[in-house]
1. Give me a count of the residues in the stretch 198-208 that are touching a helix residue (DSSP H, G or I) at 6+ places or on another chain (Cβ under 8 Å) and either farther than 9 Å from I170 by Cβ or modelled with pLDDT under 95 (or both).
2. Of the residues V164, V138, V227, only one is of a type in the set (A, V, I, L, M, F, W, C) and farther than 30 Å from T80 by Cα; which?
3. Might you check whether a residue that is in contact with a strand residue (DSSP E or B) (Cβ under 8 Å, 6 or more places away or on another chain) and loosely packed, with under 15 Cβ neighbours inside 10 Å occurs anywhere in the stretch 12-29?
4. Keeping to the stretch 1-29, report how many residues are within 30 Å of L216 (Cβ to Cβ) and hydrophobic (A, V, I, L, M, F, W, C).
5. For I47, all conditions in the list (1) within 25 Å of D248 (Cβ to Cβ); (2) open to solvent by 10 Å² or more (accessible area, probe 1.4 Å) hold save one; what is the number of the exception?
6. Scan the stretch 204-223 for residues that are farther than 23 Å from N116 by Cβ and not in a helix (DSSP H, G or I) and jot them down.
7. Mind telling me which of the residues N105, N94 ends up being in contact with an Asp or Glu (Cβ under 6 Å, 6 or more places away or on another chain), more than 23 Å from S237 (Cα to Cα) and either part of a helix (DSSP H, G or I) or not basic (K, R) (or both)?
8. Could you check T111 against (1) open to solvent by 10 Å² or more (accessible area, probe 1.4 Å); (2) under 20 Å from A162 (Cα atoms); (3) not in a helix (DSSP H, G or I) and say which number it fails?
Amino acid sequence: MSIAKINDLIDNEKFEHHFQGLYDLQTLTPIGYEALLRTDLFKKPEILFEKASHTNRFFELEMRSIKKALQSYDKINQSTSKEKKILINVFPSNLADPDFLDQLNKILGETTLSANQIMIEINESEIIQNVDYFSAMVNELQTEGYLIAIDDVGKGVSSLQAIVELQPDIVKMDRFFAKHLAKSSRKQEMVKSIVTYCYNTDTKFVLEGIEILEDLEMAKAIGVSIVQGFLLARPESLEVIRKYEMDDKEDNYFSAKR
């Protein structure tokens, strides 16, 4: 039954994307959005991708999802004067496909987006098994202008090796470190250590999972510059984000006129 559902979802593209903002902590304005797949056919996207990974259509699902996410985000991009980033999640096994870069470039060419607006978020779980190959692939993507983000840093023992070996543009630290950050001196020290590494290697740092004001204020106090979490924004539909961006553009226009 699951295979039939997956085939139906892929063939008829029965999915959409919601977008969650990444916020500059100094201005509390979004610098970009993460695209998150949503479908009525599976309660959790994780279940869909886990089941799809055991089929011969996993790569096709990934690329269709990327195409739909970028096409949707292109509508937001055309509604604002600022070139915000779009973060797309890619499974390492699909990133390793020989056709990935060519297909990504083709998808990008059908939008008004530029490569340096695309942040490719990779979960490091599979990468470390073949770090030399992924290093070459990441370098190729960066040469094309794409930005690379390593996700869930601190969640697994291999993630620190991944950020050293792959030299990503963005490091996203696992939400575990954001929860009760204000009350945990040990979490504060760990976050500060990665913030320092990122600062000294010209790498952007994002702390995920900010849900309460106290943790937001602590994150700012210890040097975090970009945050993501329910306190600032939940994932919203394209229509909601597009309206927000259009309203923001109008506010900036009238401010400039005054």
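1. Of the residues in the stretch 198-208, the ones touching a helix residue (DSSP H, G or I) at 6+ places or on another chain (Cβ under 8 Å) are 203-205, 207-208.
Now drop any that are not either farther than 9 Å from I170 by Cβ or modelled with pLDDT under 95 (or both), which leaves 207-208.
Residues in the stretch 198-208 being touching a helix residue (DSSP H, G or I) at 6+ places or on another chain (Cβ under 8 Å) and either farther than 9 Å from I170 by Cβ or modelled with pLDDT under 95 (or both): 2 in total.
2. Unique residue meeting the criteria: V164.
3. Here is the first cut: in the stretch 12-29, the residues in contact with a strand residue (DSSP E or B) (Cβ under 8 Å, 6 or more places away or on another chain) are 15-25, 29.
Add one more test, that the residue is loosely packed, with under 15 Cβ neighbours inside 10 Å, and what stays is 24, 29.
Taking every residue of the stretch 12-29 in turn, at least one turns out to be in contact with a strand residue (DSSP E or B) (Cβ under 8 Å, 6 or more places away or on another chain) and loosely packed, with under 15 Cβ neighbours inside 10 Å.
4. Looking only at that region, the number is 4.
5. (1)
6. The answer is G209, I210, E211, I212, I222, G223.
7. After ruling out the rest, the residue left standing is N94.
8. Tallying (1) open to solvent by 10 Å² or more (accessible area, probe 1.4 Å); (2) under 20 Å from A162 (Cα atoms); (3) not in a helix (DSSP H, G or I), T111 fails exactly one: (2).
The values are calculated or read from the model by the stated rules, or taken from the named source; none is laboratory data. Note that the coordinates shown come from a computational prediction; the quantities given were computed from them, not determined experimentally. A quick note on method: Cβ atoms are made from the backbone with ideal geometry, for glycine too, and the neighbour counts reach across all protein chains shown. For accessibility, only protein heavy atoms count, side chains too; no ligands or nucleic acids. Shrake-Rupley method; radii C 1.70, N 1.55, O 1.52, S 1.80 Å.
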